[in-house]
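Undergrad: Mind having a look at this structure? Questions to follow.
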């Protein structure tokens, strides 16, 4: 892959990841759409898009997905949507990303990975940023929604860890998305009394599933083999920043000092850990 094409693919993938936060928040803030219906439409459209991609472009490769991974994917998607009922896009993306990276770093420690002093400083700085973001105050995010987003991040870290070595990433992701559909439909039945779907909200959900999830993951997995592991992890530090900028510009969300300080601590701390890894 040429350097220009790699740059374009990587940029598109990162924009797609941030776009998930923006589309979900726009649907739940600016339309009558409820979180359960958004989640279901997102997963159905993502499953359909990835299934079509696999049928036409991924023949001859292995990978099927699994029910445990699909349940982790569903837990991420559902907690993500319900959290964004109350969270600004930038704050939600920061909590999500910080939780994902903290979960994966913590798993590495459990498995015996050794940290340098600088890495421990980075991890403690990131954790301090997360705690500081959640402390009570006028600009603090709602605690329940924040904990839901942390749950979404931890579920995504489980999903990512389970996906290592499971086969072709696009085919595995497609299999997992397809498996989430019946679970999502059951959830929608449980929340039927509060279901509200309008055209704009449905379009946001379909765009989130088909474009920023389905196509976004496919583009990322195309670029990922050509990126160094540390580079790929470091590049993802930009996702909460992109989401925050998009939330301010598109959704009119405020930029608070708490969010700025927490972002610097969380993203800076994780960057220290990642850059010191071999």
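Undergrad: At a Förster radius of 22 Å, what calculated FRET efficiency corresponds to the Cβ-Cβ distance of residue 161 and residue 275, to the nearest 0.05?
TA: Computed FRET efficiency for residue 161 and residue 275: 0.60.
Undergrad: Next question. I need to check one value: relative contact order of the range 123-276, counting alpha carbon pairs closer than 8 Å and at least 6 residues apart, in percent.
TA: That works out to 56 percent.
Undergrad: Right, here's the next one. Given the -39500 (n - 2.57) contribution per DSSP H run of 4+ residues, what per-residue ellipticity at 222 nm results for the chain, rounded to the nearest 500 deg cm²/dmol?
TA: Helix contribution divided over all residues of the chain: -25500 deg cm²/dmol.
Undergrad: What are the radius of gyration and Dmax of the range 184-259, computed over its Cα atoms and given in Å?
TA: For the range 184-259, the Cα-based Rg and Dmax read 17.1, 48 Å.
Undergrad: Given the Cα-Cα distance of residue 135 and residue 257 and 0.36 nm per residue of separation, how much length would full extension add, in nm?
TA: 42.6 nm
Undergrad: Pairs of alpha-carbon atoms within less than 8 angstrom and 6+ residues apart define the contacts here; what relative contact order does the chain have, in percent?
TA: Answer for the chain is 43 percent.
Undergrad: Also, quick follow-up: Based on alpha-carbon centroids, what's the gap between the range 1-65 and the range 205-219 in Å, whole number please?
TA: Answer, in whole Å: 2.
Undergrad: Continuing with this model, one more query. Using alpha-carbon positions, what is the distance between the centroids of the range 124-203 and the range 92-111, in Å?
TA: Each part reduced to its Cα centre gives a spacing of 14 Å.
Undergrad: Once a ≥ b ≥ c are taken as the square roots of the eigenvalues of the Cα gyration tensor of the range 14-115, is the result rounded (a/c under 1.5), prolate (a/b larger than b/c) or oblate (a/b not larger than b/c)?
TA: Oblate shape, in that a/c is at least 1.5 and b/c is the bigger or equal ratio.
Undergrad: If packing is taken as the average count of other Cβ atoms within 10 Å, what order do 125-136, 68-79, 108-119 fall into, highest mean first?
TA: 68-79, 125-136, 108-119
Undergrad: Using Cα springs under 10 Å in a Gaussian network model of the chain, which residue among 171, 42, 25 shows the largest mean-square fluctuation?
TA: 171
Read-outs: derived from the displayed coordinates by stated rules, not from any lab. For clarity, every value in this text was computed on a predicted model and none was experimentally measured. All Cβ positions, even for glycine, are placed from backbone atoms using ideal geometry, and neighbour counts span all protein chains on display.
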